[in-house]
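See below for the structure under consideration.
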Amino acid sequence: MTNIQVGTLGGTLCSIFGSITLDDMVKTAVLAATGAIVSFLVSRLMEGKRKR
């Protein structure tokens, strides 16, 4: 990587981290956990239907 690329990447990351709040991180974690739980339950239900 060149210095220009590193500087651009660093500036982009700093601007992103500056705009992310704790509230956004909590919402993202809750949505991710909800999605994982729903995915797990649906796969279990589908597995149960397939065995019948």
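The values are calculated or read from the model by the stated rules, or taken from the named source; none is laboratory data. Since we're looking at a predicted model, the values are computed, not measured. Glycine gets a Cβ as well: all are built from the backbone with ideal geometry, and neighbour counts include every protein chain shown. These area figures cover heavy atoms from the full protein model, side chains too; ligands, DNA and RNA do not enter into them. Shrake-Rupley method; radii C 1.70, N 1.55, O 1.52, S 1.80 Å.
Miscellaneous remarks
- Probe 1.4 Å, protein heavy atoms only - accessible area per residue of the chain in square angstrom: 92 Å²
- Nearest-ten-degree value, helix 22-51 long axis tilted from longest Cα axis of the chain: 30 degrees
- The convex hull drawn around the Cα atoms of the chain, when projected onto a plane and averaged over every direction, covers 5.9 nm².
- Rounded to the nearest 20 debye, the dipole magnitude of the chain is 640 debye, with +1 charges on Lys and Arg beta carbons, -1 on Asp and Glu beta carbons, and the Cα centre as origin.
- Value at 222 nm in deg cm²/dmol, rounded to 500, when DSSP H runs of n ≥ 4 in the chain each add -39,500 (n - 2.57): -32000 deg cm²/dmol
- The chain: angle of helix 3-19 to the longest principal axis, Cα-based, in degrees nearest 10: 60 degrees
- Positive-end residue of Gly11, Gly35, Gly48, charge dipole of the range 6-52 with Cβ unit charges: Gly48
- Share of carbon and sulfur in the accessible heavy-atom surface of the chain [1.4 Å probe, %]: 71 percent
- Length released on extending from Lys49 to Gln5, taking residue separation times 0.36 nm less the Cα-Cα span: 10.6 nm
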